[in-house]
Amino acid sequence: MNTDDVVYWDPYDPILAQDPHPTFGRLREQSPIYYNEKYDFHLISRFDDCDRALHDWRTFRSGRGNILELIKSGIELPPGTLIMEDPPGHDIHRKLLARMFTPRRIAALEPRVRQYCSAALDPLVGADRFDLMAAVGTELPMRVIGMLVGIPEADQAAFRESTDSALRTEPGQQADFRGGATLSNEAFNDYLDWRLEHPSDDIMTELLHAEFDDEHGVRRTLTRDEVVTYLTVVAGAGNETTGRLIGWIGSILAKHPEQRRELVEDPLLIPNAVEEILRMEPAGPAIGRYVAADAEFHGTVVPAGSVLLVLIAAANRDPRRVPDGDRFDIHRDIRHQLAFGFGLHFCLGASLARLEGRIAMQELLKRFPSWEVDWDNAKLASTSTVRGWESLPLIVGSSVTVA
């Protein structure tokens, strides 16, 4: 932040990223329509403004990407990226993928998700400390997405690393999308031929055989490149964001031991606690949009051709919508929050992320009812797209101070 009274936000500043919420609050109150000259983007941060932008897909377009660097790169996005598409292609592709994320199908995953989580946590019982991200935050989403997509268990860790590394940046640096590396993971090509010969109950098999009417009215199946793009989107989104949620569960509950004790005593409070953590610390703090037509916010015109960042991390704490929004409260009545976006591009995997977050919190609290964080050795991940812990060492032994 500048030393004068003018609020400033640099999305690539690792110092600001450590605790961005005071700056987010100042943007929301002092500069609800903000322009960053250095990186040439506009930003909105109040709930109603963000809600409007996420609903109005005709003005605020996703087809050029949803990340600042990606929109500015000017690269052509392949069909099937879904979260980076506009209608009519978006609607056709979303409908196709939505078949695989029905509430019934997600609910049926619970026993397997719990099994994966227990397998990660059981060996740690009796330990004095462990890294929550290494033990669960990276392990659980990888296993769940690998199972859903159809990646063999032996290959899941390597695949997750290739996906995560594509999003990771050096501190203070922008992501480089000019090569389009994060939009197509060639590793999937190694599995497609095998799945064609050995079909299974997974998304890869379904995508290879699904028939649909495309935007030209042609009845067909997906091309090989389209299948790879679909799988890349599903795997990348599922691994990175859900892992960050698990990390925020560990760090936020460490800071609120009295509410953590309530959750231990009454596990029925856990689903709402997960929702409150999502509200407080959305994995993706900002969503990018390309402005297709002049748009006005608070008397300022954002011209067509601009990049607009929708700062949902600030909107979710807007006191106009959420009283005392900076306060963590597991009893809060949460009617509407933006952690998973809203409108046309509401996250298809929201119910899966909530399921994983709930089970992770249940199983963690069952085995470790209290913990502290070794803050000196905790480390935030370096990325301009998502915000969360790369390493979160928990102290769980007898030395834990019970508040």
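The values are calculated or read from the model by the stated rules, or taken from the named source; none is laboratory data. Please read these numbers as outputs of a predicted model, since none were measured by experiment. Cβ coordinates were reconstructed from backbone atoms using ideal geometry, including for glycine residues, and neighbour counts include every protein chain displayed.
Residue by residue, here is whether (1) at negative phi; (2) charged (D, E, K, R); (3) modelled with pLDDT of 95 or more; (4) assigned to a loop (DSSP other than H, G, I, E, B) holds:
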site	(1), (2), (3), (4)
R327	yes, yes, yes, yes
R332	yes, yes, yes, yes
H336	yes, no, no, yes
C347	yes, no, no, yes
E356	yes, yes, yes, no
Q362	yes, no, yes, no
L365	yes, no, yes, no
S384	yes, no, no, yes
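Among the numbered conditions (1) assigned to a loop (DSSP other than H, G, I, E, B); (2) farther than 19 Å from L344 by Cα; (3) under 23 Å from the mean Cα position of the chain (by Cα), tell me where K38 comes up short.
(3)
Six or more apart or on different chains, Cβ under 6 Å: which pairs go from a residue in region 76-102 that's farther than 17 Å from W57 by Cα to one that's β-branched (V, I, T) and modelled with pLDDT of 85 or more? Could you list them?
Listed by first residue and then by second, the contacts come to M100/I203.
Give the residue that is modelled with the highest pLDDT, with candidates limited to residues of region 150-181 that are hydrophobic (A, V, I, L, M, F, W, C) and in contact with a Gly (Cβ under 8 Å, 6 or more places away or on another chain). Walk me through it before giving the result.
Kept after step one, since they are hydrophobic (A, V, I, L, M, F, W, C), are these residues of region 150-181: 151, 154, 157-159, 166-167, 175, 177, 181.
Add one more test, that the residue is in contact with a Gly (Cβ under 8 Å, 6 or more places away or on another chain), and what stays is 159, 166-167, 177.
On the way: F159: 67, A166: 53, L167: 54, F177: 52.
This residue is F159.
Every residue, every condition in (1) over 25 Å from W248 (Cα atoms); (2) outside any helix (DSSP H, G or I); (3) of a type outside the set (S, T, N, Q); (4) at pLDDT below 90, yes or no:
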residue: D51; (1), (2), (3), (4): no, no, yes, no
residue: R99; (1), (2), (3), (4): yes, no, yes, yes
residue: R104; (1), (2), (3), (4): yes, no, yes, yes
residue: Q115; (1), (2), (3), (4): no, no, no, no
residue: A119; (1), (2), (3), (4): no, no, yes, no
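So for region 122-136 (the condition being outside any helix (DSSP H, G or I) and either under 18 Å from the mean Cα position of the chain (by Cα) or of a type in the set (F, W, Y) (or both)), does at least one residue qualify?
Within region 122-136, one or more residues are outside any helix (DSSP H, G or I) and either under 18 Å from the mean Cα position of the chain (by Cα) or of a type in the set (F, W, Y) (or both).
Do you know which residues across region 306-336 are touching a Leu at 6+ places or on another chain (Cβ under 8 Å) and within 26 Å of S384 (Cα to Cα)?
Matches in region 306-336: V307, L308, L309, V310, L311, I312, A314, A315, N316.
What do you reckon, is V144 aliphatic (A, V, I, L, M), farther than 17 Å from E390 by Cα and at pLDDT 85 or above?
yes
With under 30 Å from P88 (Cβ atoms), of a type in the set (V, I, T), surrounded by 16 or more Cβ atoms within 10 Å (Cβ to Cβ) and in contact with a strand residue (DSSP E or B) (Cβ under 8 Å, 6 or more places away or on another chain) as the only criterion, which of I44, I33 stands out?
Details: I33 fails: under 30 Å from P88 (Cβ atoms).
After ruling out the rest, the residue left standing is I44.
Please enumerate the residues belonging to region 62-83 that are closer than 10 Å to Y290 by Cβ and either under 16 Å from the mean Cα position of the chain (by Cα) or of a type in the set (K, R) (or both).
R64, G65, N66, K72
Using the structure shown, decide if L82 is in a helix (DSSP H, G or I), crowded, with 19+ Cβ neighbours inside 10 Å and of a type outside the set (F, W, Y).
Values: in a helix (DSSP H, G or I): no; crowded, with 19+ Cβ neighbours inside 10 Å: yes; of a type outside the set (F, W, Y): yes.
Against the criterion (in a helix (DSSP H, G or I), crowded, with 19+ Cβ neighbours inside 10 Å and of a type outside the set (F, W, Y)), L82 does not qualify.
Residues that are in contact with a Leu (Cβ under 7 Å, 6 or more places away or on another chain) and surrounded by fewer than 20 Cβ atoms within 10 Å (Cβ to Cβ): does region 85-95 have at least one?
Yes: region 85-95 contains one or more residues that are in contact with a Leu (Cβ under 7 Å, 6 or more places away or on another chain) and surrounded by fewer than 20 Cβ atoms within 10 Å (Cβ to Cβ).
Sort out which residues of region 372-382 are in contact with a Phe, Trp or Tyr (Cβ under 9 Å, 6 or more places away or on another chain), farther than 19 Å from A127 by Cα and either part of a loop (DSSP other than H, G, I, E, B) or aromatic (F, W, Y) (or both), and write them in order of number.
A381
Take the residues in region 386-403 that are in a loop (DSSP other than H, G, I, E, B) and crowded, with 16+ Cβ neighbours inside 10 Å, then tell me which one is modelled with the highest pLDDT.
Only one residue tops the list, namely L392.
Can you confirm whether S351 is out of contact with any Gly (no Cβ under 6 Å at 6 or more places or on another chain), crowded, with 16+ Cβ neighbours inside 10 Å, among the polar types (S, T, N, Q) and in a loop (DSSP other than H, G, I, E, B)?
No; evaluated as a whole, the condition is false for this residue.
Residues are listed down the side, and each one gets a yes or a no for (1) touching a strand residue (DSSP E or B) at 6+ places or on another chain (Cβ under 9 Å); (2) within 24 Å of V149 (Cβ to Cβ); (3) not β-branched (V, I, T):
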site: R332; (1), (2), (3): no, no, yes
site: L348; (1), (2), (3): no, yes, yes
site: K366; (1), (2), (3): no, no, yes
site: W371; (1), (2), (3): yes, no, yes
site: W389; (1), (2), (3): yes, no, yes
